[in-house]
Amino acid sequence: MPTLSIELVPCLSDNYAYLVTDPAQKLCAVVDPSEAGPVREKLRAGNVKLTHILNTHHHPDHTGGNLALKEEFGAIIVGPEKDRARIPGLDVGVSEKAPWQFGSKKVSVLEIPAHTSGHIAFVFAEDKAAFTGDTLFAMGCGRLFEGTAAMMWAAMQKLMALPDDTAVYCGHEYTLSNGRFALTLEPGNADLQARMREVEELRAKGLPTIPTTIGLEKRTNPFMRPNAPELRATLGMEKAHDVDVLAETRRRKDNF
Ligand code: ZN
Ligand code: FE
């Protein structure tokens, strides 16, 4: 039964942390706390006590609040075992083979390296929610800092295998510029055009564009669409392998 409440916590300039609360179990986790301040304020406003900190990867804009929040609340830090040495205060190391339990709820772990070598996603299947850090963004993907295009394409395929109605909570509000880039590759994609109108409206009001869903990403995210004919035609790569198309898409985005 879906029973979690999920709240966005804007941090730094364009990061999102998330509070995942299970009132029945008196549990509250924060995903990727860039900094302690905004998380602490959100907890105080909701009168909840933090029990867990979840990290998708080691970058400071996802782990910067770890130690302060751990000290203040005695929260348990859960993150990729592979990155134990790079995640401040890590208590519980997880992997695909060693997933996690949020009280009575099963949380699966997807290993999706490419942005960093230890990057993971947390999937709350019962509640149809996935936390994808800096691997999958709305209409985008993370830069390839510690991996290859082949690794990113493998990561995208793992995420595409989730149910279409899975809500996706990512690490940054990059949606507007991601969408503008996506339109350069698929100007004729009607789903993309419609989505961009919504995104422009939301951003004009200063509202978040998150969560997205796996289904919507499959229809509008160029990094999930290396086989889309219009995208391939734009790149002049009609006959290329999916991985090479994704690699070229990523290269162009790096210079967009
Ligand atoms: Zn990152
Ligand atoms: Fe980040």
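The values are calculated or read from the model by the stated rules, or taken from the named source; none is laboratory data. Computed from a prediction, not measured in an experiment: that's the story for all the values here. With ideal geometry, Cβ positions are generated from the backbone for all residues, glycine too; neighbour counts draw on all protein chains shown.
Cβ-Cβ contacts under 6 Å between residues 6 or more apart (or on different chains), taken from a first residue in the range 196-221 that is buried (at least 16 other Cβ atoms within 10 Å of the Cβ) to a second residue that is β-branched (Val, Ile, Thr) and assigned to a helix (DSSP H, G or I), are listed as Val199/Thr175; Thr209/Thr175; Thr209/Val199. Only one of these is among the aliphatic types (A, V, I, L, M), within 23 Å of Thr51 (Cα to Cα), in contact with a Pro (Cβ under 6 Å, 6 or more places away or on another chain) and surrounded by fewer than 23 Cβ atoms within 10 Å (Cβ to Cβ): Val168, Val109. Name it. Of the residues listed, the single one that is among the aliphatic types (A, V, I, L, M), within 23 Å of Thr51 (Cα to Cα), in contact with a Pro (Cβ under 6 Å, 6 or more places away or on another chain) and surrounded by fewer than 23 Cβ atoms within 10 Å (Cβ to Cβ) is Val109.
Name the helices (runs of 4 or more DSSP H) wholly inside the range 115-221 in which the number of residues that are away from ligand 2 (no atom under 16 Å from the Cβ) and within 14 Å of the chain's Cα centre (by Cα) is 3 or more. The helices (runs of 4 or more DSSP H) meeting that bar are 149-160.
Pairs linking a residue in the range 154-179 that is within 13 Å of Gly142 (Cβ to Cβ) to a residue that is of a type in the set (S, T, N, Q) and not in a strand (DSSP E or B), with Cβ atoms under 6 Å and 6 or more positions apart or on different chains, are Ala155/Thr135.
Taking the criterion of being in contact (Cβ under 8 Å) with a residue 24 or more places away in the chain and either in contact with a Gly (Cβ under 8 Å, 6 or more places away or on another chain) or of a type in the set (A, V, I, L, M) (or both), the residues of the range 235-256 that qualify are Leu235, Val243, Leu246, Ala247, Lys253.
Among the residues making up the range 3-49, those that are touching a strand residue (DSSP E or B) at 6+ places or on another chain (Cβ under 6 Å), free of Cβ contacts under 8 Å to residues at least 60 places away in the same chain and more than 16 Å from ligand 1 (Cβ to nearest atom) are Ser5, Glu7, Val9, Leu19, Thr21, Cys28, Val30, Pro38, Val39, Lys42, Val48. Does the range 2-44 hold any residues that are among the acidic types (Asp, Glu) and in contact with a helix residue (DSSP H, G or I) (Cβ under 7 Å, 6 or more places away or on another chain), and which are they? Correct list: Glu7, Asp32. Close contacts from the range 55-72, counting a first residue that is over 13 Å from Val30 (Cβ atoms) and at pLDDT below 95 and a second that is within 9 Å of ligand 1 (Cβ to nearest atom) and hydrophobic (A, V, I, L, M, F, W, C), with Cβ to Cβ under 9 Å and a gap of 6+ residues or different chains, come to none at all.
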